[in-house]
1. Which of the lysines could a cross-linker bridge to B:Lys27, judged by Cα under 24 Å and excluding same-chain residues fewer than eight apart?
2. Would you calculate the separation in nanometres between label points at B:Lys87 and B:Met1, each defined as 7 Å from the Cα along the Cα-to-beta-carbon direction?
3. Can you run the Rg to Rh ratio on the range C:157-258? Use alpha carbon positions and the Kirkwood inverse-distance Rh.
4. Mind checking which of B:Met242, B:Met46, B:Met218 has the largest fluctuation in a GNM of chain B, springs on alpha carbons under 10 Å?
5. Got a number for carbon plus sulfur as a percent of the protein assembly as shown's accessible area, 1.4 Å probe?
6. Give me the Kirkwood hydrodynamic radius of the range B:172-307 in Å, from all C-alpha pairs, to one decimal place?
7. Tell me what chain B gives for mean residue ellipticity at 222 nm when only DSSP H runs of n ≥ 4 count, each as -39,500 (n - 2.57), the sum divided by the residue total, rounded to 500 deg cm²/dmol.
8. Using only protein heavy atoms and a 1.4 angstrom probe, determine the accessible area buried between C and A, summed over both sides, in Å² to the nearest 100.
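The values are calculated or read from the model by the stated rules, or taken from the named source; none is laboratory data. Computed from a predicted structure; not experimentally measured. Neighbour counts run over all protein chains shown; Cβ positions are idealised from the backbone, glycine included. SASA here: full protein model, heavy atoms, side chains in, ligands and nucleic acids out. Shrake-Rupley method; radii C 1.70, N 1.55, O 1.52, S 1.80 Å.
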Amino acid sequence: MITPRYTREIPQRYHLEAGKCTECNFIAFPPRLICPECGSREFEQISLSPSGKIVTYTVVCVAAEEFSTETPLPIAIIETDEGARLTAQVVDCDPEEVEIGKRVRLIFRCIQKEGLAGIRQYGYKAVLEG
Amino acid sequence: MTGIVGYGAYLPRYRIKIEEIASQWGKDPTTIKNGLLVHEKTVPGMDEDTITISVQAAKYAVQRARIDPQEIGAVYIGSESHPYVVKPSGTVLIDALGIGPDVHVADYEFACKAGTEAVFVAYSHVKSGVMRYAMGIGADTSQGAPGDALEFTASAGGSAFIIGSEKVVLEIEATYSYTSDTADFWRREGRVYPEHGGRFTGEPAYFRHVLGAGREIMERAGLEAKDFDYAVFHMPNGKFPMKAGRTLGFEKEQIEPGWVVPWMGNTYSGSSPTGLVAILDVARPGERILLVSFGSGAGSDAFVFKVTEEIEAVRDLAPSFKSLLEENKIYLNYGEYAKFRGKILMNT
Amino acid sequence: MREVAIVGVGMTRFGELWESPLRNMFTEAALTAIDDAGVDHIDSMYVGAMSSGLFVHQEHIASLLADYLGVAGIPSTRVESACASGGLAVRQAVIEVGAGVSDIVLAGGVEKMTDGVDAIDALATAADQEYEAFHGITFPGLYAFIANAHMHRYGTTREQLADVAVKNHDHGSLNPKAQFPFKITREAVMNSTMVAWPLRLLDCSPVTDGAAAVIVTSMDVAEKLGRPIVKVLASGHATDGLALHSRTDPTTIPAVGRAAEIAFKQAGLTPEKIELAEVHDCFTIAELVVTEELGFVERGRSGEAVSSGETRLGGRIPVNTSGGLKAKGHPVGASGVAQIIEVVEQLRGSAGDRQVEGARIGLTQNMGGSGASCVVHILEGVS
Ligand SMILES: [Zn+2]
C-alpha cells in the first residue's frame, strides 16, 4: 500500500513545488532542508515552470514490469527554465523525435497504477513543444 | 450578468479510423461511415484518463478566465468513466490546479449529460451568490465493447467551463432540464462496458429528450431557431444531432460549427460541451448559441448562451479547438488501440 | 594508519548458480579465501550485499553468514552501497585493520539474483525511487542517458561502445570463473536486443549469482603467513547525488574522479603508474567514462582508446583483464570484491593466460548506482 508515500509527494508531482535558496538562488527539486551549494537553510517555496529543454534522453525498451506495456518508452533529463533538473517520460511522440536540446512542456498524466485494485499515481511527464 | 468566464477543451493526440475498426470485425466500412457519419475518433493515451483530460481542459479554462484558481469555490467533473468507482476525480484535479482546500468537489454521473449537469450546478452556485467562481467539466474516456456498434464512436476528450459574474464571455440567458426514467443505455456496477437498447436509444430516448428540452427552452426564452447563430446537440453519431436540429427548425449551417463528432467521435460527457468550445473558435460578440445535451437514463440539459465582447480577449489565451482536433494526430492500428484501451487480456 | 595487506582470496564461479543458496555461495568463497591465506581464525567480517532483502527476502545476513561460516560470535557487519557494496566492504576491512582494531578481517560480497525476482525493479532501488525509478527509468536507461550525452558531446560512436564489450569478452574467455567465458563480435553487440537507446543487451552486464571474499591483515600478520603479499596502497571513497539529473554534467561521473584523486594522493602515484585496472563496466559506456575519470585517457577520448586497443591485454593500460562485469558477471554485492581478487592474482603473477607480465601496481574501481558512490583501491604486489 503506497498511498501515504504517494500523498506526501503530491506537491512535487502535481505542481512541481520546489525550494529556492534565499542566499544563492539554488533550486532544490524536491525541496531540501539545507542548500547543497551554500549551506543556507532558508528557502523560498516556488513552483517550477512547466517548460524546459532536454539535457539527455533514452528510450527504454526493456522496462520494469509496471511499464512493460508502455515500451518503447522515451525518458529524458529535463532542465526547466529556472535551471532545475528532473527526470520525466516524454510522451505522445515518435521516439525518433526525441533529441538533446529540444524544448518540452510538462503536463499532467497518470504515471503508475498500483496493480488492478490499488491507487493510480499521477504526476508530470513531458511533451515536445511545437 | 452570470455566465462562462473561461473555457477549455482537451483532446488526446491519438486517433483510430473507422475503417480500421470495421475491418477488424469484418464489417463494411463504407456502410458504417455513412450510417454514423463518423470518419475517425480520438483515443486516450495509455496514461490518460478522465482526470488527466479534465486537468488539461481546466488549465486552459483558467488561462482564459485570467483568475487565481484559488478563487474557484466548486469543482464538478461529469463523466461516466471516472477512473475510480469510489474516490473522486475532482480531488486530484483541485490539487493539480492549486485550488482548495476551500472548495466544494463532487463527481457527477448521468451517462452523456454529466458534463452539462456539472455546468448547470456550477452556474446555480454563482448566480445565487454562494460563490464567486465555480467550474463544471465534462470529460470521458468512453467505453464501447469490442465489436459493439459503440466501439466505432466511443472516444476521449473533454471540456471545462468556469462560471462567474465578471468579464463574462458567454452570458447564460436561460437553462432548462428535461428528465424521465428511460433505460436506453446503462452500465451495471462491476461491468466494464455499457449495454444499450439498440434502436430504442433513438426515438424514445435521444429524440424525445433532446427535442423536449430544445422546444421548451426556446418557448420559455421566447426564441425561435432563427434567433440563434449556432446550435449544438449531443452527438452520439453524426446523424442524430443533424436530425434533431432540423426537427427544431435549425439549418445545417447553424449546427455545423459545433458538429464535431465526424472527426472526434463521441466523447460522451464531453460531447456537446466540446461542441460548444468548437463554436467559440469562430463565434462573434452578440451571437447566440443553443446547447442541448443528452444523457441516457434519460435527460437533457439545455442552455441559451449569448457571446460577449470578452470572447476576443480570451479566445487565443489557450489552444483553439481546431488545433486540438487537427494538429499532431497519431494514428493507431486496431492492435495498438486494443492495447491502449486495455482490451487485451493480460496476466497482471 | 598502519600498512595493510591482502593475503587470501576466494570466489565462486559466477553465473546462474541454480543449486546454490546465498549462504552457501558466500561460505564457499569465504572458506576458499581463509584457506588461501592460511589463517586459523578471523577477528571480524564485512559482507557487501546490495539487496538480499529484495532478491531473496533475507535481511540481517551479516549474522546469518557468520554463523554458516562457523564463526558465530565475531563482529560481522553488512555494508550496502548498491553495486559498490563489495568494494566498500573491503574498504571497511582495510580501515579496521589499518586502525589497529583487528588484525585479520574477512571482506566478502554476495548476491543471489536469479531466485525469481524482477531484477530490473530490484536494481532500480539504487536510483532515486521518487524522482527517477518512479518515472520508469531503469539502470540501463540511466547509463543510456550518459551514453547519449557522451556521444552528443564527444562524438563517441556506437562501434566504440561495442568494442568495450568485445574486449571484455576477449579477456573473459580466458577466465574459467567467468559467467560468459567466450568471445563476441562487434556485429553481435550491435545487433543484439535494444535495451535502452543506444545500449543493447550486449552492452549490459548480466544478472549473476556469485560470491567473493578476501582476507585483509596487518603487514605483521601477513609476513608471518609466508604467502604472497599484496599491499593496499590506497583506499579512496566518494559519493554524489543519487539522482543522475542532480549532477551538472551527464557525460561525467564525478564520484569516480574524486575517489581516484583521494587514492592517488594516498598512494603518492599518478595514473601513469597504474599497470592494470579492474573497473566497473556495468554498461559499456560506464567503462569509457570511468577510464576518463581515472585519468587513463583524456576526457572524450575513451572510445578511441578502446577501439585502438590501448585498454586491452597487451595494450598501454589493460582494463578488466578478468572480463569485467560484462563477461565475468555482475553479482552486484560481490563484484567489488571480485575486482580486488583479479588484481591480487595479477600482482601475484598467478593470472594464467590473462597475466599482465610483471605487473606490480593495479587499481580497482567499483561504483554504486549511476555513480552516486565509488570506491577506488590501489594495490601493490610485494615480492
Ligand atoms: Zn544556497
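1. B:Lys17, B:Lys41, B:Lys239, B:Lys339, B:Lys343
2. Reported label-point gap for B:Lys87 and B:Met1 is 4.3 nm.
3. Details: Rg = 19.2 Å, Rh = 17.6 Å.
Dividing the radius of gyration by the Kirkwood radius yields 1.09.
4. So, out of B:Met242, B:Met46, B:Met218, the one fluctuating most is B:Met46.
5. Values: 15790 of 31620 Å².
Carbon with sulfur: 50 percent of the solvent-accessible area.
6. On the way: mean 1/r = 0.0670 Å⁻¹.
For the range B:172-307, the Kirkwood estimate is 14.9 Å.
7. Numbers: 13 runs with 111 residues, N = 348.
Computed mean residue ellipticity for chain B: -9000 deg cm²/dmol.
8. Working: alone 14060 and 8000 Å², together 19290 Å².
The contact between A and C buries close to 2800 Å².
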